[in-house]
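Before any comments, here is the structure.
The values are calculated or read from the model by the stated rules, or taken from the named source; none is laboratory data. Only a predicted model underlies this, so the values are computations on that prediction, with no experimental measurement involved. Cβ sites come from the backbone with ideal geometry, for glycine too, and all protein chains shown count toward neighbours. To get the accessible areas, we keep the full protein, side chains included, count just its heavy atoms, and leave off ligands, DNA and RNA. Shrake-Rupley method; radii C 1.70, N 1.55, O 1.52, S 1.80 Å.
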Amino acid sequence: MSGHDHPHDHDHDHEDGSRFSEVELRVRALESLLVDKGLVDPTALDALIDTYETKIGPRNGARVVARAWVDPGYKRRLLEKGGAAIAELGYEGRQGEDIVVLENTPTVHNVVVCTLCSCYPWPVLGLPPVWYKAAPYRSRAVIDPRGVLREFGTELPDGVEVRVWDSTAELRYLVLPERPAGTEGMSEEELAGLVTRDSMIGVSRVAAPAVP
Amino acid sequence: MNGAHDLGGMHGFGPVEPERDEPVFHHEWERRAFAITLASGFLGQWNIDMSRSAREQMPAAEYLATTYYEHWLFGLERLLVEKGFVKPEEIEARVAELRRQRAGRAAES
């Protein structure tokens with residue numbers, strides 16, 4: 001055995017009962033085999049978890065959106081070559097090899113899905129939420145997008161065209177939501193604070209800031 | 001390949017149900033499955049399409065009844081075996097060993 005122990009091994013057996021006890025054993029078996037064979041480095045595993053659990057998330061995407069809202073030159077580059085413009089802010093890496101940015105306008109609303117699995121722009125949004133990877137969203141986003149949007153509280157007028165984009169392993173999408181009215185005096189940082197993850201997937205819009 | 005993973009346009013899966021708190025991982029084993037999958041990808045023996053294809057080999061009924069990281073685990077085992085890094089009997093032996101240890105710990109406490 002590798003002796004590679006995990007600090008949380010003891011709490012979840014109880015909460016899950018037998019549902020995941022077998023899969024948990026298989027994961028530990030595979031991990032210990034990989035470590036014993038020298039195929040993976042245990043410290044690298046912990047670093048990967050830490051990176052994707054705590055460091056990379058939708059705040060990255062929010063900074064991209066806010067920059068595009070305040071800097072027309074950046075916005076132009078972002079819409080022309082998303083990945084390169086996103087890399088200007090330092091966001092690169094796995095599952096972000098080629099990112100296309102889709103601009104929402106008063107007449108066009110874009111929504112992103114991955115019907116086959118879970119492709120998602122990791123460098124700007126982090127790992128996808130469970131609902132994005134689950135059957136209801138994957139099946140319905142392409143056949144009833146307005147119904148799905150309504151479940152997220154997003155009502156679109158009939159005149160607004162909905163475009164649904166199905167991601168692939170090579171090509172991922174980030175929605176550039178509309179800048180809400182009433183934000184004219186806000187700084188780039190304050191604007192980034194308004195941008196939600198869901199608005200960058202396209203299931204919601206960015207709400208105008210509450211009037212104090 | 002057309003299969004249970006090809007969900008676009010299918011009916012009957014019910015409403016989208018976002019979680020209130022949305023943890024990135026829901027169990028410690030999901031963290032480990034995620035990490036060993038990424039780290040094994042660094043071996044450079046397959047790409048993302050091959051990973052997805054491996055997950056899609058899961059029997060359809062099982063695919064729909066299991067969670068996301070169970071699909072990952074299935075695919076990873078398959079790729080590691082296909083590429084000769086691990087033998088199926090090694091996995092089963094290690095699982096059995098861990099199961100014995102767990103039973104031993106349960107008996108002690």
Based on what the data block shows, is A:LYS81 over 27 Å from B:PRO23 (Cα atoms), open to solvent by 10 Å² or more (accessible area, probe 1.4 Å) and of a type in the set (Lys, Arg)? yes
Does segment A:92-103 contain at least one residue that is farther than 15 Å from A:VAL64 by Cα, of a type in the set (Val, Ile, Thr) and in contact (Cβ under 8 Å) with a residue 60 or more places away in the chain? no
Going by the structure shown, is A:PRO128 assigned by TED's automatic domain parsing to the domain that holds A:LEU79, without any contact (Cβ under 8 Å) to a residue 60 or more places away in the chain and out of contact with any Phe, Trp or Tyr (no Cβ under 8 Å at 6 or more places or on another chain)? no
Among the residues of segment A:109-124, are any touching a residue at least 60 places away in the same chain (Cβ under 8 Å) and over 19 Å from A:ARG205 (Cα atoms)? yes
If we ask which residues in segment A:144-195 are out of contact with any Ser or Thr (no Cβ under 9 Å at 6 or more places or on another chain) and on the phi > 0 side of the Ramachandran plot, their number turns out to be 1
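What residue, of A:LEU191, A:LEU174, is part of a strand (DSSP E or B), modelled with pLDDT of 95 or more and in contact with a helix residue (DSSP H, G or I) (Cβ under 9 Å, 6 or more places away or on another chain)?
A:LEU174
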